[in-house]
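Data block below; observations after.
Read the figures in this text as sums done on the coordinates, not as results from a lab. Values in this document were obtained by computation on a predicted structure and should not be read as measured data. Backbone-built Cβ (ideal geometry, glycine too); neighbour counts: all protein chains shown.
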Amino acid sequence: MMKKRWIFLGISLLFSLSSLGCEKLGEKGLGGKELIRINNVSISLEEFRQMSERQPLEGKIRLVSEKGLRDFLENYVLTREVLYQEAKKKGLDKKKEILAKVEDFKRAMVIDALLEEELRRKDEVSDGEVQKYYQEYQDQFTEPREVKIRHIVVNSEPILKEVLMKLSKGESFEKLASTYNVDRTREDGGNIGWIKRGQLSPALAQYEEEAFSLRKKGEMSNVVKTPVGWYYILRLEDTRGTVVKPLDQVKEKIRFFLQTKKKQDVYLAYVKEAKSRTKIVINEKLWAEEEKKEPKPKEEKK
């Protein structure tokens with residue numbers, strides 16, 4: 001609210017300064033609420049405010065200062081209108097391809113507004129629904145109690161690329177670990193042994209996630225970059241025991257999944273119902289002829 005007040009205060013100040021400037025230049029034809037006029041097009045103070053309010057957060061922050069407001073007026077509002085008028089002089093606003101794009105954009109915006117209205121508050125998921133899903137699909141949240149990991153760890157991107165290239169060619173993971181590792185596991189081909197959830201330091205949280213996401217023996221992880229600039233590639237050697245992740249650790253993921261599913265279900269139901277009350281006729285004969293047409297070969301780039 002404070003930022004909005006400052007923005008509107010700045011706009012009012014800008015309007016006052018602009019009016020003074022116009023009087024100095026002898027431009028006394030502007031109406032009381034008319035901020036600027038470009039040829040025969042007027043932009044009011046209220047329209048200017050609306051334009052400023054539609055800016056993203058980063059843009060709004062720049063509008064807090066008087067200079068930022070003036071830049072926005074001259075380099076966005078005024079410039080955009082000048083260029084638009086120049087484009088109209090050339091008849092670009094009447095070109096078929098431009099009008100088609102405008103129509104496509106309009107349709108997309110209107111459809112988005114319709115779906116936003118129809119789906120509003122229909123994707124809410126209760127704690128009970130989250131709990132039910134968690135109990136019915138616990139296999140999705142079951143992971144090894146312990147994992148045995150071997151890793152390659154390097155401290156520069158060029159060396160990482162070299163290692164990845166050699167792995168892609170089928171070179172031994174253990175030998176590469178013995179050659180390149182910058183920690184003590186170099187002596188044992190990158191073997192770090194068994195680890196449990198929560199055993200590693202917070203700085204290795206992503207390392208832990210990758211380790212426990214591996215399912216098959218011999219499976220390799222994505223590259224993990226730590227805050228200190230080390231790069232890890234993990235390989236699963238073995239697993240033992242199983243444990244179900246606590247609900248607190250997974251409930252937000254479940255909620256997001258159920259919200260997405262509800263939105264999709266409501267959307268499909270709405271589309272089906274809308275189609276059912278719409279008269280739709282497809283020219284199947286014409287469509288059959290279209291299907292028989294061979295696709296045109298793409299022109300070769302010269």
Can you give the longest run of the chain that contains no GluC sites (Glu not before Pro) sitting in a DSSP loop with at most 13 other Cβ atoms inside 10 Å?
28-123
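Only Cα pairs under 8 Å and at least 6 apart count here; give the relative contact order of the range 135-247 as a rounded whole percent.
42
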Computed ³J(HN,Hα) along the range 55-61: with the Karplus parameters 6.51/-1.76/1.60, θ = phi - 60°, integer Hz and x for glycine or proline, the list is 6, x, 3, 4, x, 5, 4
What 222 nm value per residue comes from the helices of the chain, counting each DSSP H run with n ≥ 4 as -39,500 (n - 2.57) and dividing by all residues, nearest 500 deg cm²/dmol?
-16500 deg cm²/dmol
Specify the residue with the greatest mean-square fluctuation among VAL154, VAL125, VAL82, computed from a Gaussian network of the chain linking alpha-carbon atoms under 10 Å apart.
VAL82
Once phi is turned into θ = phi - 60°, what whole-Hz ³J(HN,Hα) does the Karplus curve with 6.51, -1.76 and 1.60 give for every residue of the range 178-186, x standing for Gly and Pro?
5, 7, 9, 4, 9, 10, 5, 5, 4
Please determine, in degrees from 0 to 90 and to the nearest 10, the orientation of helix 2-24 with respect to the longest principal axis defined by the Cα atoms of the chain, where the helix direction is its Cα long axis.
30
Name the long-range amide H neighbours of ILE38: under 5 Å, sequence gap of 5 or more, or other chain; modelled H, no Pro or chain starts.
ILE43
Between the alpha-carbon centers of the range 103-168 and the range 211-251, tell me the distance in whole angstrom.
15
For the Cα atoms of the chain, what angle does the longest principal axis make with the long axis of helix 247-276, in degrees from 0 to 90, nearest 10?
50
What residue among LEU114, LEU286, LEU236 has the largest mean-square fluctuation in a Gaussian network model of the chain, using Cα springs under 10 Å?
LEU286
Only one of the values [x] 19.1, 63; [y] 31.1, 86; [z] 33.4, 95 was calculated from this structure for Rg and Dmax of the Cα atoms in Å; name its label.
[y]
Rounded to whole Å and sorted largest first, list the principal axis extents of the Cα atoms in the range 28-122.
51, 37, 24
Going by alpha carbons, how many degrees (0 to 90, nearest 10) lie between the helix axis of 157-168 and the longest principal axis of the chain?
60
Under a GNM of the chain (C-alpha, springs under 10 Å), which listed residue has the highest mean-square fluctuation: LYS275, LYS245, LYS122?
LYS275
